[in-house]
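The values are calculated or read from the model by the stated rules, or taken from the named source; none is laboratory data. Keep in mind that this is a model prediction, so the values were computed, not measured. Side chains are part of the model used for accessible areas, which takes the heavy atoms of the whole protein and leaves out ligands, DNA and RNA. Shrake-Rupley method; radii C 1.70, N 1.55, O 1.52, S 1.80 Å.
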Amino acid sequence: MQNSSEALHLVRRAYPEIPLLVIADQVPENDIRRILAIGAAGILLQETVAKHIAWAIPAILNGLLILPHEISESMISGLTRPSRTSQEQRAREKVHRLSHREREVLELIGRGLSNRQIAARLIISPETVKDHVRAIRTKLDVASRVHVAHVAWLARDTKTRDAA
């Protein structure tokens, strides 16, 4: 994020009158505030930019701040939920790095489903589930499926976890 921050500062200084719309693969929660503080008019996520770009550009040109619901919900829940432990926060940051499909698989692992059950639920092959589990283990930097489930548990929404 450091190089990105520097680039945003340079663009902001060079073209202060042009609203900046940041399009990113992922944005960790702690970087959202930094991006907005630099002066970005909004943030869109790469996986959903096609769905939002048509309304986002006119909106920022009219002075509105643009945040997709994934980011705004995260920010609002950060203000309204009880504080997370540093372990829970690290787990959420790691999970944020996963693709949408990997997060779906992670959630189902966290619920205790087997690879076959996950495959049936997501309408994919068990081999594809194994590939996702391998990728999840690598991205989360954990050694086993049990550790994957533990990270899923830590990263879950506090209300959901307390109800379980």
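Any chance you could run the full-extension gain for ILE123 through TRP153? It's 0.36 nm times the residue separation minus the Cα-Cα distance, nm to one decimal.
That pair, ILE123 and TRP153, stretches by 8.4 nm at full extension.
Length gain on complete extension for the stretch LEU10 to ALA24, per 0.36 nm per residue less the alpha carbon to alpha carbon distance? List each step's numbers first, then the result.
Values: separation 14, 0.36 × 14 = 5.04 nm, distance 1.78 nm.
Length gained, LEU10 through ALA24: 3.3 nm.
Computed on alpha carbon atoms, what radius of gyration and Dmax characterise segment 42-131, expressed in Å?
Computed over the Cα atoms of segment 42-131, radius of gyration and Dmax are 17.0, 50 Å.
Take the solvent-accessible surface of the protein heavy atoms, probe 1.4 Å, and return the percent of it on the chain that carbon and sulfur atoms account for.
For the chain, the apolar C and S fraction of the accessible surface comes to 55 percent.
Which option, (1) 1.12; (2) 1.19; (3) 1.43, is the value of Cα Rg over 2.2 N^0.38 Å that was calculated from these coordinates?
The value computed from this structure is option (2).
Subtract the Cα-Cα distance of GLU107 and VAL49 from 0.36 nm times their separation in residues, and report this length gain in nm to one decimal.
Residue separation times 0.36 nm, minus the Cα-Cα distance, leaves 18.5 nm.
So what is the accessible area of the chain per residue, in Å², with the probe set to 1.4 Å?
61
Return the long-range amide H neighbours of ILE23 (sequence gap of 5 or more, or a different chain), with a cut-off of under 5 Å between placed amide H atoms.
It is LEU44, by chain and number.
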